[in-house]
Amino acid sequence: MKAGDVILILGSVTLSSTAQLLLKLGATAPAVRAAIGNGGGTPADRALALMTTPTLVSGLAVYALSAAFWIAVLSRVDLSLAYPFVGLGFVLTFLIGTLFLGETANALRLSGTLFIIVGAILVARSA
């Protein structure tokens with residue numbers, strides 16, 4: 001696999017994981033929790049709360065950029081070779097969750113994450 005292809009894949013995965021962080025931060029914003037949690041207000045009020053939460057909007061924008069990177073990947077790399085790298089998003093999201101959000105990292109989660117890393121390495125070496 002060419003270095004440029006790897007950079008595009010890792011860029012897409014990193015952007016996707018960053019989008020997850022932004023969406024999580026947005027989903028826990030008080031206005032969003034109120035709009036979703038208690039069902040108060042009209043549907044328009046709830047939609048407005050979602051559309052005016054900067055972290056949600058930013059998360060969606062970053063996802064769109066991630067998709068653009070992924071389209072570039074798919075134009076250059078076999079799907080069966082590229083797609084296993086999406087699993088690295090689980091690894092990055094795990095790290096983001098534990099390091100920045102204080103989420104629990106137990107032995108099973110860590111073991112599963114290590115299996116994903118090994119799998120991505122094996123697929124990359126098969127090219």
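The values are calculated or read from the model by the stated rules, or taken from the named source; none is laboratory data. What you are looking at is a predicted structure, and each value in this text was computed from that prediction instead of being measured. Glycine also receives a Cβ, built like all others from the backbone with ideal geometry; neighbour counts cover every protein chain displayed. Heavy atoms of the whole protein, side chains included, go into the accessibility calculation; ligands, DNA and RNA do not. Shrake-Rupley method; radii C 1.70, N 1.55, O 1.52, S 1.80 Å.
Extension gain, residue 98 to residue 68, is 8.0 nm, computed as 0.36 nm per intervening residue step minus the present C-alpha separation.
For the chain, the per residue solvent-accessible surface stands at 61 Å², with DNA, RNA and ligands left out and a 1.4 Å probe.
Net charge dipole, the chain: roughly 80 debye, given to the nearest 20, about the Cα centre with Cβ charges of +1 for Lys and Arg and -1 for Asp and Glu.
By a 1.4 Å probe calculation restricted to protein chains, residue 7 has an accessible surface near 120 Å², given to the nearest 10. Per-atom-type breakdown for the range 46-104 gives carbon and sulfur 74% of the accessible area (1.4 Å probe, protein chains only).
Shape verdict for the range 12-56, please, from the Cα gyration tensor: rounded (a/c under 1.5), prolate (a/b greater than b/c) or oblate. In terms of gyration-tensor shape, prolate. In terms of the Cα gyration tensor, with a ≥ b ≥ c the square roots of its eigenvalues, is the range 57-127 rounded because a/c is under 1.5, prolate because a/b exceeds b/c, or oblate? Oblate, because a/c is 1.5 or more while a/b does not exceed b/c.
If R0 is 30 Å, the Cβ-Cβ spacing of residue 108 and residue 61 corresponds to a FRET efficiency of close to 0.35. With a 10 Å cut-off between alpha carbons and a GNM built on the chain, which of 112, 97, 26 moves the most? Of 112, 97, 26, the Gaussian network model singles out 112 as fluctuating most. Here the calculated FRET efficiency for residue 31 and residue 121, from their Cβ-Cβ distance with R0 = 41 Å, stands at 0.45, rounded to the nearest 0.05. By the Kirkwood approach, averaging reciprocal distances over each pair of separate Cα atoms, the chain gets a hydrodynamic radius of 16.2 Å. Given their separation in residues at 0.36 nm each and the Cα-Cα distance between them, residue 51 and residue 3 gain 13.5 nm when the chain is fully extended.
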